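What follows is a short report on a single structure.
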């Protein structure tokens, strides 16, 4: 429908997998799975529920009549009760025991946790894919000297591959956070209206063992290690805040990567992929704008800001529950996942097609290397009998003059020629040029890359290597 607003995260950016995770089908079929799990556990623990009722419910988990549900919700103004009614219509023999003893948070909050877990599992897989591709890039370029920058001013040399490890290190931190969140997630369980489980104590005639076993069975059905130890009506909204903080961390790392790439593309050293028929500018046909990296930065900014939503929600919950969380979290949590999914899709696409221009990189290195080599040149001249203090002052003078020539006159750096022509140094141009091998100024970069990949990256992503070579589609 072209006359109704649709979130660009759904229509332009996020993957089908992540869209399904937060879809109505996923949500409401999970509600039904939770009702089946509750009924099974209650039956096993002695309540008057039959296998026939459970089987009938099981048969109708996915055939949801959304028309009936919408009409009922319009009438009763309660989404959970509307779906209890709709499920009962599909499974009439079980209608009387669906949702027995539970409150709305039983299906709502447990489903939220399940969706968060599924979202994090997909994020983890894509993070591993990005790291795997960056590892290949770093390995290929680990010894290629390039200008390092501090304050975006030329500093000592690094290598193209070593710089990539800086991006990877932050993503590796994010992967660790995602793993921690997944491992830490617990279901709400069956806690009741204020978290006291009073309704279930009533159902089981005060048998605390059965009430606890009920939760354990439900958690096991969904593959969780357990349930939260205590709660009000809902799980603590701090879980949402922690989850989005983790997603925000990924957005921050991605934005740092994309910003660096935008700067590198300006320098014409490294570019993101540019397709054969891609248009860089509507007015300037020659342009190759870094639009994918810019999109990463744009979406990352959204995620970082969005992470404040659950933080404020967590901070303002009243006692055992208020409802000012619901409308906010049904937007802020899924949208953060969709945006991070989109970011990682774009990163996979970009990193898999990075274009490196070694000659441009080398030219930039050689323009600055004479300044960086002056310490070595000075020490060589001292060994040949020169005075260190006099040589230091003379190099300072030559460097200032060469810098002026470059900045004010737009000419080449002639520092080497100036030093070679100065009898104080007693060195030929050939002897001076021997100090201009860029690889002599990259320190341990190749070894650092090797060690980082071997000791940190590969062990971290090995469990998820099925994600290696992941292909994603950037639709627009």
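Can you figure out the FRET efficiency of residue 20 with residue 207, using R₀ = 35 Å and their beta-carbon distance, to the nearest 0.05?
Values: r = 39 Å, r/R0 = 1.13.
FRET efficiency, residue 20 to residue 207: 0.35.
Say each of residue 194 and residue 291 gets a label point 7 Å from the Cα, pointing the same way as Cα to Cβ; how far apart are those two points in nm?
5.8 nm
Run the numbers on the chain and let me know its relative contact order in percent, using alpha-carbon pairs under 8 Å that are six or more apart. Each step should come with its number before you reach the end.
Details: 611 pairs, mean separation 94.2, N = 476.
Relative contact order of the chain: 20 percent.
Relative contact order for the range 374-435: what is it in percent, counting Cα pairs under 8 Å that are at least 6 residues apart? Intermediate values should be presented prior to the final figure.
Numbers: 44 pairs, mean separation 21.0, N = 62.
In percent, rounded to a whole number, it is 34.
Quick check on the range 142-253: take the gyration tensor over C-alpha atoms, sort the square-rooted eigenvalues as a ≥ b ≥ c, and tell me if it's rounded (a/c under 1.5), prolate or oblate. The partial results should precede the final answer.
Numbers: a/c = 7.91, a/b = 3.69, b/c = 2.15.
Note, shape of the range 142-253 comes out prolate.
Can you tell me which of 360-366, 118-124, 209-215, 221-227 comes out highest on packing, and rank the rest after it, using the mean Cβ neighbours within 10 Å? Present the calculation step by step, with values, prior to reporting the outcome.
Values: 360-366: 16.3, 118-124: 20.3, 209-215: 17.9, 221-227: 14.7.
Highest to lowest by the protection proxy: 118-124, 209-215, 360-366, 221-227.
What's the angle, to the nearest 10 degrees (0 to 90), between helix 238-267's Cα axis and the longest principal axis of the chain?
Between the helix axis and the principal axis of the chain, the angle is about 30 degrees.
Take every Cα pair under 8 Å in the range 1-101 that's 6+ residues apart, average their separations, divide by the length, and report that relative contact order as a whole percent. Numbers along the way, then the final one.
Working: 73 pairs, mean separation 25.9, N = 101.
Relative contact order for the range 1-101 comes out at 26 percent.
If you average the C-alpha positions of the range 182-219 and of the range 71-132 separately, how far apart do those two centres end up, in angstrom?
If we compute the Cα centre of each part, the gap is 17 Å.
Would you calculate a helix-derived [θ] at 222 nm for the chain, using -39,500 (n - 2.57) for each DSSP H run of n ≥ 4 and dividing by the full residue count, to the nearest 500? Please report the intermediate quantities before stating the final value.
Values: 20 runs with 291 residues, N = 476.
So the helix-based figure for the chain works out to -20000 deg cm²/dmol.
I'd like the antiparallel share, as a percent to the nearest 5, of DSSP beta bridges with both residues in the chain. Spell out each step's value before the answer.
On the way: 7 of 8 bridges.
About 90 percent, rounded to the nearest 5.
On a 0 to 90 degree scale, rounded to 10, what angle separates helix 24-44 from the longest Cα axis of the chain?
Compared with the principal axis, the helix lies near 50 degrees.
Taking the range 374-435 on its own, what percent of its Cα-Cα pair distances exceed 21 Å? Don't skip to the end; give the middle numbers.
Details: 349 of 1891 pairs.
Of the Cα pairs, 18 percent sit more than 21 Å apart.
Quick note: the coordinates plus some simple rules give every number you see, no bench work behind them. Just so it is clear, the model here is predicted, and its values are computed rather than measured. In this analysis, Cβ positions are derived from the backbone assuming ideal geometry, glycine residues included, and neighbour counts consider all displayed protein chains.
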